[in-house]
């Protein structure tokens, strides 16, 4: 798929916008105008040029970042005047960062690995347990809706591969579909990464108490509780609900594992980058328990690690025209499910043509 060449006039407009901002920073302001006001005029001129030439997409974020360079204006004031709250900015960048895992295919590969490892092949109940683990691990770093969209086609393909009768009284399918939502919500409360409700809880705690909640302290308390609660849900399903899991003895694990294809560089980069951002979020809180006050480390709730995910997502989208692996040729249900999720993530224009 060839990309359209950017017209030269756009690059000239971009250079003019950058020049307008640079000149107001280098030249002395007029006598009756302060330094910050003079620079705002330059940013305003740059915004008009960029909006008329490049549109209001990435240029809006560029103008926001340019406002962060104003003298005497803090980042909190800029975000409050543009987005309303620091939490909105942080959540926005977290969603962009999480999109790197889904668009690169790394999230789906992680789910497939949990469902096809040695433990999952031991028995049908081990398969169910590994499915619960895949839901928890994926939703630990992604939003619940994204996790469900990734796992639903895989789950439907498993149902089809074992010829599971999907009627209103199928206890196995009902259990798995219901527990997908339950376990996803439990993992949502384990950490604030890409989880809107948890991040809102952070903001409410800080506004009511006046103290800052850090990532590490929250995760150290909430993660063990959510893991134990997920284990209790599995035990209730295993010994109280007790659905018939014998159809899972017919799952073709080899076909499921080969559906992802070879490991790509885009997947490796997205996983490593996401892991690095998580470490940068956890280090300030962890440092309080290692040395006094963790000197030299930035405090949590910094938007910069997640903001860098915007650039990574842009790079991953450049190569998303590559062919995507299919779940298999047996039946059309799995292919239709994959196309549905692909449409939700990438839009209808990127879908392959139907013959």
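How many of the residues making up region 199-218 are part of a helix (DSSP H, G or I) and in contact (Cβ under 8 Å) with a residue 12 or more places away in the chain?
Taking region 199-218 as the starting set, the residues that turn out to be part of a helix (DSSP H, G or I) are 199-209, 215-218.
Those left that are additionally in contact (Cβ under 8 Å) with a residue 12 or more places away in the chain: 199-200, 202-203, 215-218.
Total satisfying the criteria: 8.
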Inset, instruction - State which residue pairs qualify: first residue more than 13 Å from residue 217 (Cβ to Cβ) and inside region 275-292, second residue at pLDDT 65 or above in any location, beta carbons under 7 Å apart, and separation of 6 or more residues or different chains. - result: 277/97; 278/193
Inset, instruction - Can you tell me which residue among 14, 50 is under 17 Å from residue 68 (Cβ atoms), under 35 Å from the mean Cα position of the chain (by Cα) and assigned by TED's automatic domain parsing to the domain that holds residue 70? - result: 50
Legend entry - Among residues of region 202-241, those that are surrounded by fewer than 17 Cβ atoms within 10 Å (Cβ to Cβ) and under 19 Å from the mean Cα position of the chain (by Cα), counted: 1
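Among 184, 120, which is the only one that is part of a helix (DSSP H, G or I), touching a helix residue (DSSP H, G or I) at 6+ places or on another chain (Cβ under 7 Å) and either assigned by TED's automatic domain parsing to the domain that holds residue 268 or closer than 19 Å to residue 259 by Cα (or both)? Reasoning before the result, please.
Values: 120 fails: part of a helix (DSSP H, G or I).
On inspection, the qualifying residue turns out to be 184.
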Inset, instruction - Take residue 202 and decide whether it is under 19 Å from residue 114 (Cα atoms) and in the same structural domain as residue 236 (by TED's automatic domain parsing). - result: no
Inset, instruction - Go through (1) in contact with a helix residue (DSSP H, G or I) (Cβ under 8 Å, 6 or more places away or on another chain); (2) closer than 18 Å to residue 128 by Cα one by one and return the number of the condition residue 193 breaks. - result: (2)
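Using the structure shown, decide if residue 31 is more than 24 Å from residue 83 (Cα to Cα) and part of a loop (DSSP other than H, G, I, E, B). Give the steps one after another, and end with the answer.
Working: more than 24 Å from residue 83 (Cα to Cα): yes; part of a loop (DSSP other than H, G, I, E, B): yes.
Taking the combined requirement at face value, the residue satisfies it.
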Inset, instruction - Of the conditions (1) outside any helix (DSSP H, G or I); (2) surrounded by 14 or more Cβ atoms within 10 Å (Cβ to Cβ); (3) modelled with pLDDT of 85 or more, residue 300 clears all except one; give me its number. - result: (3)
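The values are calculated or read from the model by the stated rules, or taken from the named source; none is laboratory data. Bear in mind that the values here come from a model prediction, so they are computed numbers and not experimental data. Quick reminder, even Gly has a Cβ in these numbers, built from the backbone with ideal geometry, and neighbours come from all protein chains shown.
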